[in-house]
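Q: Below are the structure tokens for one structure; questions will follow.
Taken together, the values in this text are just the output of simple stated rules run on the coordinates, not laboratory data. Since the model is a prediction, treat every value here as computed from it, not as a measurement. Virtual Cβ from ideal backbone geometry, glycine too; neighbours counted across all protein chains shown.
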Amino acid sequence: MKPVLILANGPGELWDWARPVIRELNRRNRPVSLLLLPCQFASGEERRVAEGLGVDDLRGPFSLAGTLKNALSMGRSACGVLQLGGDLLWGRAAAGAGRRPLLCYAYGKKKGMARCDRVFTAFPSMAEAMGRGVEPAGDLARDCVDGCRRPDERPEKSVLIFPGSRAALREFALPFLKEAAPLLKKGAPQWEFKIALSPFSPPGEADKWRDAGFTPAAWSEASKNPSLAVTQPGTNTLELMHRGVPFCVLVPFAAARQIPLSGLAGMVASIPLAGPALKEAWLRRRGAGGRLLAWPNRIAGRMIAPELVGDITPVEAAEAVLKLINDEPRRKAMGEALAQISSLAPEGAAARIADEIERMAPGND
């Protein structure tokens with residue numbers, strides 16, 4: 001049987017999108033090939049993480065030339081191509097080489113979708129914004145969690161802090177949070193403050209966070225039932241939403257130089273010497289515009305989870321977190337609102353996508 005070829009790039013796409021689809025295809029005994037695409041948002045640990053996902057053929061990441069070569073060769077031997085993130089030029093090249101169907105999944109409209117055979121997204125509102133022919137299959141990030149916690153389930157007296165999947169962001173976060181730690185513990189002495197270690201964190205990083213005064217824990221377990229989470233924007237906010245965990249997003253402008261950018265902004269940011277300053281200025285203007293960052297807020301079209309964006313100091317960050325700790329009614333209302341947004345996405349996204357793959361690409365021709 002010919003394999004399904006999956007193309008994926010950054011941490012969120014690999015962990016929250018590719019992982020549940022691969023698991024579903026494995027359950028159906030379908031062979032899977034995975035090509036990791038070049039990505040400016042990559043953590044550098046994608047290959048290591050992908051090795052544990054259960055694919056039959058793993059390749060990449062490569063240079064642009066190497067990616068094209070492998071996309072063409074893998075596309076020729078595949079029964080169909082599913083692209084989960086990245087430039088659709090790669091998917092079109094792979095599908096064209098083998099004359100196979102190209103399916104893609106995204107949270108927003110992107111160039112090249114009109115040439116895909118099937119386009120999936122998570123929520124009906126996303127499908128409507130993306131245009132005709134886009135199917136709301138459900139949120140793949142929802143397939144990664146065990147479900148929303150029960151109304152009668154008492155959350156742990158803990159705050160889960162997610163410093164990011166990329167090393168540069170965590171390197172900024174470590175001294176920032178280390179300075180905030182004594183203030184948090186003084187203001188909430190009965191609470192435990194955990195650092196969520198990303199699957200993309202290298203082995204041995206837990207000791208750094210333990211030395212900084214935090215309790216390190218694996219994201220998959222620690223995110224199940226905290227009273228509050230503090231996080232970066234990304235698909236992790238969707239996992240928290242689907243669990244019904246109240247959270248706030250923390251984006252100090254001082255970390256702006258560590259945030260990767262795509263497109264023209266990313267090219268400008270790469271200019272030697274002046275690039276980092278130009279990037280920070282661009283991000284400051286964008287942040288000042290009031291654009292919502294967390295996915296649940298963007299889906300709802302309003303601020304449900306607070307977003308702390310600006311020239312924020314560790315002291316101000318600690319004060320904001322303590323304010324949420326001491327406001328249980330607000331946290332409860334936030335959790336209920338997040339659970340309501342979660343319910344808008346159809347269930348079983350990975351199974352629905354796998355069904356369509358099997359319909360369009362049987363794999364035995």
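Q: Could you work out the local net charge near SER73, counting Lys and Arg as +1, Asp and Glu as -1, over the other residues with Cβ closer than 14 Å to its Cβ?
A: With Lys, Arg at +1 and Asp, Glu at -1, the net is +4.
Q: Sticking with this structure for a sec: Only residues of the range 171-210 count here: report those whose backbone N is under 19 Å from the spot 7 Å along Cα→Cβ of GLU221, or say none.
A: 192-210
Q: Which whole-number percent is the relative contact order of the range 30-84 (Cα, under 8 Å, 6+ apart)?
A: Contact order relative to length: 40 percent.
Q: Stretch ARG302-ALA320 to full length: gain in nm at 0.36 nm per residue minus the Cα-Cα span?
A: Gain in length upon complete extension: 4.5 nm.
Q: If you line up the long axis of helix 349-360 against the longest principal axis of the chain, both from Cα atoms, how many degrees apart are they, to the nearest 10?
A: The helix 349-360 is inclined about 10 degrees to the chain.
Q: Please work out whether the range 141-243 counts as rounded, prolate or oblate from its C-alpha gyration tensor, where a ≥ b ≥ c are the square roots of the eigenvalues and a/c under 1.5 means rounded, while otherwise a/b larger than b/c means prolate and anything else oblate?
A: Values: a/c = 2.04, a/b = 1.22, b/c = 1.66.
Cα axes put the range 141-243 in the oblate bin.
Q: Please label the shape of the chain as rounded, prolate or oblate, based on the square roots a ≥ b ≥ c of the eigenvalues of the alpha-carbon gyration tensor (a/c under 1.5 means rounded; beyond that, a/b larger than b/c means prolate, else oblate).
A: Here the chain falls in the prolate category.
Q: Also, I was wondering about something else. Which whole-number percent is the relative contact order of the chain (Cα, under 8 Å, 6+ apart)?
A: In percent, rounded to a whole number, it is 18.
Q: Straight-line reach from LYS332: which lysines have a Cα under 21 Å away, not including same-chain ones fewer than 8 places off?
A: Candidates past the 8-residue exclusion: LYS157, LYS194, LYS224, LYS323.
Q: Once phi is turned into ³J(HN,Hα) by the Karplus curve 6.51 cos²θ - 1.76 cosθ + 1.60 with θ = phi - 60°, what whole-Hz value does each residue of the range 226-239 show in order, with x for glycine and proline?
A: Each residue's phi maps through the Karplus curve to give x, 7, 7, 10, 10, 8, 8, x, x, 5, 4, 5, 6, 4 Hz.
Q: With a 10 Å radius around each residue's Cβ, average the other Cβ atoms per peptide and rank 163-173, 180-190, 38-48, highest first.
A: Order by mean packing, descending: 163-173, 38-48, 180-190.
Q: If you don't mind, there's one more thing I want to ask. Between LEU102, LEU174, LEU197, where does the largest GNM mean-square fluctuation fall for the chain, given springs only between Cα atoms within less than 10 Å?
A: With Cα springs under 10 Å in the chain, the top fluctuation among LEU102, LEU174, LEU197 is at LEU174.
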